[in-house]
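K.L.:
Next up is a structure, given as structure tokens.
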Amino acid sequence: MNCLEFKRLALSDPSSSEVSFVEHSDTCPDCLKYVGEVRQLDADLAESLNVEVPTDLKARLKLATEMQEESEQRSSISRYAIAASVAIALFVGGFMVSNQFGPQPGEIGKDYQKLLAAVVEHVNEQPMTPVWGNARAERTVNTLMASYDPSLSFNEIENLQFGRICPMGKYRGLHATLESANGQTTFAYIKGEPVGEMLDHSYEGYVARVKPVRGGNLVIVSRTQQSVDQAEVELQKAMVWDI
Amino acid sequence: MTNQSNETGEDQVNYDDMNKNRKYALLIEAHSQDLYKYALWLCKDKAMAEDVMQEAFLRAWKSLDSLREAKAAKGWLFTIFRREHARQFERKQFQYKDVESMDSIADAQMGYDDRPEAFALRNALVRLPQEYREPLEMQVLGGFSCDEIASVLDISASAVMTRLFRARKKMRQILGHESTPELGLVQDTRG
Ligand SMILES: [Zn+2]
């Protein structure tokens, strides 16, 4: 192999283990330097394309398939409820913190209205969510929680109906619903800087509440003040942090 | 070449003896991370990258029985992903018309290294003609060998070698590592 052939192969396959390639690089300092540069370029390029993979990605992929399977198995009897009267969105937050997307932890407090808007708009966009059995809903929400924040566990809520990771505006989180007297209920937890105090806000016919909790914020959106209060009490009991 | 491939002992696993759920879990465990990096780079949008990935994994799940060997899993999965990406990207193109325009702020939002050197590398990659860029992306991001790339792209291994040669040659020129073509082999007129 001559230098020209060597350089050609170095550009095609810089890690080639072809004998003549390896031998040439052992005897030709110029070519050794050349292939070293090419390998460095590859390494630099790989590094420039490297990103942090969302911590819950694997769990989400598994769940998406599981949900698809189950919905196909019982598509004929699948029940859908319209989340018209009450909607709460549960955000497993910090996805955006962990992958450097969206507000940094310190900005979340300032950003709470955007957060509420994102949740309400998501609920408006997706007024129908499946109604699952409680066992499945519990399992799903717990799996998602564990993959996201191992210090947070979610105790039994007997009216939990549904949970899924959804993009909501610029955030991403678990969209979960609770059954209540007047329909479905959804709620949101965002890991990051808690807002200073609890805030209620009305938005497009909803009552929306941001509540600072340990490690983040809880977002509750519903049609009535009473439903917000009730959900808040239930969630207060259900969400438990280890530390 | 790159150390992106991290199958460890995965390749030795016998898929035939395995139930579908286990096989699927292994597929996700072994390849979802590399695929995510590849997906984000192709889609230039986090939500879309995950969308396409989720669809691809659903399709993978449905045809999992056709996957017999663990060592073929990665190529198989990337092939499914590429097909799904082509399908969805076509459909959503009007919404994502700006993704080709690169800027370092958008890159940083996606989680990429925001140093100028890193941006210059990504920018050089984007400037490659697609047929050269694709195999290089697969090699650098997916850790694929020339033969694996050949089978995913459905071209000959020697065509892959030629494209990789031209891709790196052009990268080096764009980055100023090589001033003019000195090997007499870069005759692409595609700019
Ligand atoms: Zn030489």
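The values are calculated or read from the model by the stated rules, or taken from the named source; none is laboratory data. For clarity, every value in this text was computed on a predicted model and none was experimentally measured. In this analysis, Cβ positions are derived from the backbone assuming ideal geometry, glycine residues included, and neighbour counts consider all displayed protein chains. Side chains included, ligands, DNA and RNA excluded: accessible areas come from the protein's heavy atoms. Shrake-Rupley method; radii C 1.70, N 1.55, O 1.52, S 1.80 Å.
K.L.:
Which parts of region A:28-67 would a label at A:Cys3 reach, counting a residue when its backbone N lies under 13 Å from a point 7 Å out along Cα-to-Cβ?
P.N.:
A:28-35
K.L.:
Something else about it: Provide the FRET efficiency to the nearest 0.05 for the A:Glu125-A:Gln68 pair, computing r from the beta carbons and using R0 = 25 Å.
P.N.:
On the way: r = 20 Å, r/R0 = 0.80.
My answer for the efficiency is 0.80.
K.L.:
Here is a further query. Put a dot 7 Å past each Cα toward the Cβ at A:Glu197 and B:Leu26; how far apart are the dots in nm?
P.N.:
In this crude label model, B:Leu26 to A:Glu197 measures out at 5.8 nm.
K.L.:
Modelled label-to-label distance, B:Ala86 and B:Ser66, 7 Å Cα→beta-carbon offset: nm?
P.N.:
Here the modelled spin labels are 1.4 nm apart.
K.L.:
Continuing with the same structure: Which ³J(HN,Hα) values in Hz, rounded to whole numbers, follow from the phi angles of region A:133-147 under the Karplus curve 6.51 cos²θ - 1.76 cosθ + 1.60, where θ = phi - 60° and Gly and Pro get x?
P.N.:
x, 4, 4, 5, 4, 4, 4, 4, 5, 5, 5, 5, 4, 5, 6
K.L.:
Take B:Ile105, B:Ile155 and sort them by solvent-accessible surface of the protein heavy atoms, 1.4 Å probe, largest at the top.
P.N.:
Working: B:Ile105 120, B:Ile155 45 Å².
Heavy-atom accessible area, descending, gives B:Ile105, B:Ile155.
K.L.:
How would B:Ile174, A:Ile190, A:Ile165 line up by accessible area, probe 1.4 Å, largest first?
P.N.:
Details: B:Ile174 50, A:Ile190 0, A:Ile165 25 Å².
Result, largest first: B:Ile174, A:Ile165, A:Ile190.
K.L.:
Beyond 11 Å, what share of the Cα-Cα pairs of region A:3-48 is found? Please give it as a whole percent.
P.N.:
Values: 649 of 1035 pairs.
The answer is 63 percent, as a whole percent.
K.L.:
Can you give the relative contact order of region A:3-48 as a percent, counting alpha carbon pairs under 8 Å and 6+ residues apart? Don't skip to the answer; put the middle values down first.
P.N.:
On the way: 25 pairs, mean separation 18.6, N = 46.
Reported as a whole number, the value is 40 percent.
K.L.:
Could I ask something else about it? Using a 10 Å cut-off around each Cβ of peptide A:10-19, what is the average number of partner chain Cβ atoms that fall inside?
P.N.:
Details: counts 2, 14, 14, 9, 5, 5, 3, 0, 0, 0.
If you average over the peptide's residues, the count of other-chain Cβ atoms is 5.
K.L.:
Give, in nm to one decimal, the length gained when the segment between B:Ala47 and B:Met18 is fully stretched (0.36 nm per residue of separation minus the Cα-Cα distance). Don't skip to the end; give the middle numbers.
P.N.:
Values: separation 29, 0.36 × 29 = 10.44 nm, distance 3.23 nm.
Separation in residues times 0.36 nm, less the Cα-Cα distance, equals 7.2 nm.
K.L.:
Give me the accessible area of B:Glu178, 1.4 Å probe, in Å² rounded to the nearest 10.
P.N.:
The accessible area comes out at roughly 10 Å².
K.L.:
How high is the relative contact order of region B:128-178? Use alpha-carbon pairs under 8 Å, at least six apart in sequence, and give a whole percent.
P.N.:
Details: 33 pairs, mean separation 20.2, N = 51.
In percent, rounded to a whole number, it is 40.
K.L.:
Near the amide H of A:Ile165, under 5 Å away, which other amide H atoms are found, from residues 5 or more places off or on another chain, if H is placed in the peptide plane?
P.N.:
For A:Ile165, whose amide H was placed from the backbone, the distant partners under 5 Å are A:His175.
K.L.:
Can I ask one more? With respect to the cross-link table entries B:Lys23/B:Lys71; B:Lys37/B:Lys170; A:Lys7/B:Lys71, which display a Cα-Cα separation exceeding 20 Å? Write out the running numbers ahead of the final one.
P.N.:
Working: B:Lys23/B:Lys71 13 Å; B:Lys37/B:Lys170 23 Å; A:Lys7/B:Lys71 30 Å.
Those over the limit are B:Lys37/B:Lys170; A:Lys7/B:Lys71.
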